[in-house]
Amino acid sequence: MATTTGAPGAVLDRAQAVRWREGWAQVMGGFVPHLATLEEALCRAAEAARGRTPRRVLDLGGGPGLLAERMARRWSDASVTLVDIDPVLLALARRALEGEVRTLTGDLSSPGWAARAGGGHDLVTVVMTLHYLTAAQVRAFYDDARRCLAPGGLLIVADLMPDDGLPSLMSALDPAPDEAAAELAWAQWWSGIVEVKALRPLLAERAAIFENRPPAEFTAPVSWHAAAARDAGLGEVGILWRSGRHAALAAVA
């Protein structure tokens, strides 16, 4: 049985949580082309890396837990932990996934999250999250993530990660055709959820958390991330998946 750790969630109807999570899935699908193929690639890689299904999985910056849910259901015997700093998104995950996924409140810009999450994980994922951090924080993140992995465990980092071997093509692909629509859908999702009465205390908490910490909008090429992963002590490093300027880097502990 999974446990819930961190600030108490709002009293939220489960059907509401499910509905808002479905909306979030649509928003994320606009930001990351072919998101389903990314998730399938990372799951297959995790199964191949150890020659078995993962037993301990850590999803960092996992928001309302869409990926965590799919991994928990694909690997029914695995312990799946979700870490995020956003109290609203965590409340949605907790209400919809009670008993399936363990949740932790954690700030990836500070090393405290790694101590709380612990080590020994077969798989650590972080999808569309590192761009919120600064370059120095991302470097520190790779070191923290390595400490969370079991020997032979797999770290997968997916984000805007242009291929620096194709600079003209990467420039031509920026912005993506659906980027403006995705930004609008994001704004509309947050505009709508402020009307959910049960979440208003957590929305106020969220506003206080993010008041003085705007997204860093950090984007670095593949070579930068690969070097940062190797500097942190990770072994084999390379690209597992790509769709335009989005890519997933895999690194083996």
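The values are calculated or read from the model by the stated rules, or taken from the named source; none is laboratory data. The structure presented is a predicted model; accordingly, all values stated were derived computationally and were not measured. As a convention, Cβ positions derive from the backbone with ideal geometry for all residues, glycine included, and neighbour counts pool all protein chains shown. Heavy atoms of the whole protein, side chains included, go into the accessibility calculation; ligands, DNA and RNA do not. Shrake-Rupley method; radii C 1.70, N 1.55, O 1.52, S 1.80 Å.
General observations
- Residue within the stretch 207-219 that is farther than 30 Å from Arg95 by Cα, outside any helix (DSSP H, G or I) and in contact with an Asp or Glu (Cβ under 7 Å, 6 or more places away or on another chain) present: no
- Among the conditions (1) open to solvent by 10 Å² or more (accessible area, probe 1.4 Å); (2) under 15 Å from the mean Cα position of the chain (by Cα); (3) more than 22 Å from Pro215 (Cα to Cα); (4) not small (Gly, Ala, Ser), Thr129 misses just one, which is (3).
- Taking the listed residues Asp143, Asp122, the one that is among the acidic types (Asp, Glu), surrounded by 23 or more Cβ atoms within 10 Å (Cβ to Cβ) and in contact (Cβ under 8 Å) with a residue 40 or more places away in the chain is Asp122, with no other qualifying.
- Restricting the search to helices (runs of 4 or more DSSP H) fully inside the stretch 65-120 and requiring at least 1 residues that are touching a Pro at 6+ places or on another chain (Cβ under 7 Å) and of a type outside the set (Phe, Trp, Tyr) gives 87-96.
- Positions within the stretch 189-230 being touching a Gly at 6+ places or on another chain (Cβ under 8 Å) and aromatic (Phe, Trp, Tyr), in sequence order: Trp189
- Remark: Gln16 falls outside the filter, which requires a residue to be exposed (fewer than 15 other Cβ atoms within 10 Å of the Cβ), touching a residue at least 40 places away in the same chain (Cβ under 8 Å) and assigned to a helix (DSSP H, G or I).
- In the stretch 147-169 there is at least one residue matching the filter, namely being assigned to a helix (DSSP H, G or I), surrounded by fewer than 16 Cβ atoms within 10 Å (Cβ to Cβ) and of a type in the set (A, V, I, L, M, F, W, C).
- The one condition from (1) surrounded by fewer than 17 Cβ atoms within 10 Å (Cβ to Cβ); (2) hydrophobic (A, V, I, L, M, F, W, C); (3) touching a residue at least 12 places away in the same chain (Cβ under 8 Å) that Leu184 does not meet is (3).
- Pairs with Cβ under 6 Å, 6+ apart, first in the stretch 44-69 and free of Cβ contacts under 8 Å to residues at least 24 places away in the same chain, second among the hydroxyl-bearing types (Ser, Thr, Tyr): Glu47/Thr53
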